[in-house]
Amino acid sequence: MTGAVAGLVLSLGMIAPSVTAVAAVGYDFDSAASLQVVVNKHRQLNPAAYVPGQLVRVQGERLRSQAADAYKQFAKAAKAGGVNVMPISGYRSFSDQASLYDSYVRQYGQATADTLAARPGYSEHQTGLAMDIGNASGVCALQACFANTPAGQWAAKHGWEYGFIIRYPAGAQATTGYTYEPWHLRYVGRAIAEEMQAKPAQFPTLEDYFGLEAAPDYL
């Protein structure tokens, strides 16, 4: 089959979709309330000022109930393994994100700010499914070197067991639009996290898993 014919056949739905697309079957990655919602620079929350229900407090931070339960298990297992994982930032409202983003713009300029923090309405933290973590010592907090700390290594090795992924992995800025954030955990559920962990080359990001376009910049 020539490339032209294959393209026509695929557009008509006469052959099976790609492996990536198959992975997305059965999941809702559009609805703001979904546990698998994909939020990026091309995908604003709807409504933009969305507020999740059932927020549960976790050591001063808040997460959706499912994510909170998973995080507590994750942190408990880490402690049993001799690693103290500390929550730094969980749920942030639209207005909280606006204040944070504006502070980055004032400090670094908009172009750099857009690589460091999401604009309000485009933040995973607003879903209540994301948690920034750190070490009890505070070393390498919100820095790339966090990956080499006990908490960073624990998250990378064991986060998937509790349904978490490193949402902004190294080398994926062209897809995610953000620099490497080894501290930023996103709850997606055990099934997706496990498959992404097992096939990192195929599914390095949530965009890859769901077959979505790269979102390096805002539209």
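The values are calculated or read from the model by the stated rules, or taken from the named source; none is laboratory data. Note that this is a predicted model, so its numbers are computed, not measured. Heads up, the Cβs are rebuilt from the backbone with ideal geometry, glycines too, and the neighbour counts pull from every protein chain shown. Please note that ligands, DNA and RNA were not included when accessible areas were found on the heavy atoms of the full protein model with its side chains. Shrake-Rupley method; radii C 1.70, N 1.55, O 1.52, S 1.80 Å.
Determine whether region 191-208 contains at least one residue that is at negative phi and touching a Lys or Arg at 6+ places or on another chain (Cβ under 6 Å). Write out each step before concluding.
Filtering region 191-208 down to residues at negative phi leaves 191-208.
Filter again for touching a Lys or Arg at 6+ places or on another chain (Cβ under 6 Å), leaving none.
No: zero hits.
Selection of region 109-118 for residues being closer than 18 Å to Asp132 by Cβ and open to solvent by 30 Å² or more (accessible area, probe 1.4 Å) yields Thr115, Leu116. Within region 73-80, is even one residue within 18 Å of the chain's Cα centre (by Cα) and open to solvent by 40 Å² or more (accessible area, probe 1.4 Å)? No: zero hits. The C-beta contact set for region 142-153 (first residue farther than 14 Å from Tyr180 by Cα and in a helix (DSSP H, G or I), second residue among the small types (Gly, Ala, Ser) and at pLDDT 95 or above, distance under 8 angstrom, 6+ apart or interchain) comprises Pro150/Gly82; Ala151/Ala78; Ala151/Gly134; Gln153/Ala147.
Each residue in region 96-137 was checked for being within 19 Å of Val51 (Cβ to Cβ) and more than 20 Å from the chain's Cα centre (by Cα), and 1 of them qualify.
Just to verify a result, which residue in region 53-77, among those that are free of Cβ contacts under 8 Å to residues at least 40 places away in the same chain and assigned to a helix (DSSP H, G or I), is nearest to Gly134 (Cα to Cα)? Per the criteria, the residue is Ala75. Picking from residues in region 22-48 that are exposed (fewer than 12 other Cβ atoms within 10 Å of the Cβ) and of a type in the set (A, V, I, L, M, F, W, C), the one that is modelled with the lowest pLDDT is Val22. Candidates Ala147, Ala130: the one that is open to solvent by less than 40 Å² (accessible area, probe 1.4 Å), aliphatic (A, V, I, L, M) and under 24 Å from Arg106 (Cβ atoms) is Ala130.
Checked against (1) closer than 22 Å to Gln126 by Cα; (2) surrounded by 15 or more Cβ atoms within 10 Å (Cβ to Cβ); (3) out of contact with any Lys or Arg (no Cβ under 6 Å at 6 or more places or on another chain); (4) of a type outside the set (Lys, Arg), Ile165 meets all criteria but (3).
Considering only region 177-194, I want to know if a residue exists there that is in contact with a Pro (Cβ under 9 Å, 6 or more places away or on another chain), open to solvent by 40 Å² or more (accessible area, probe 1.4 Å) and part of a helix (DSSP H, G or I). No: zero hits.
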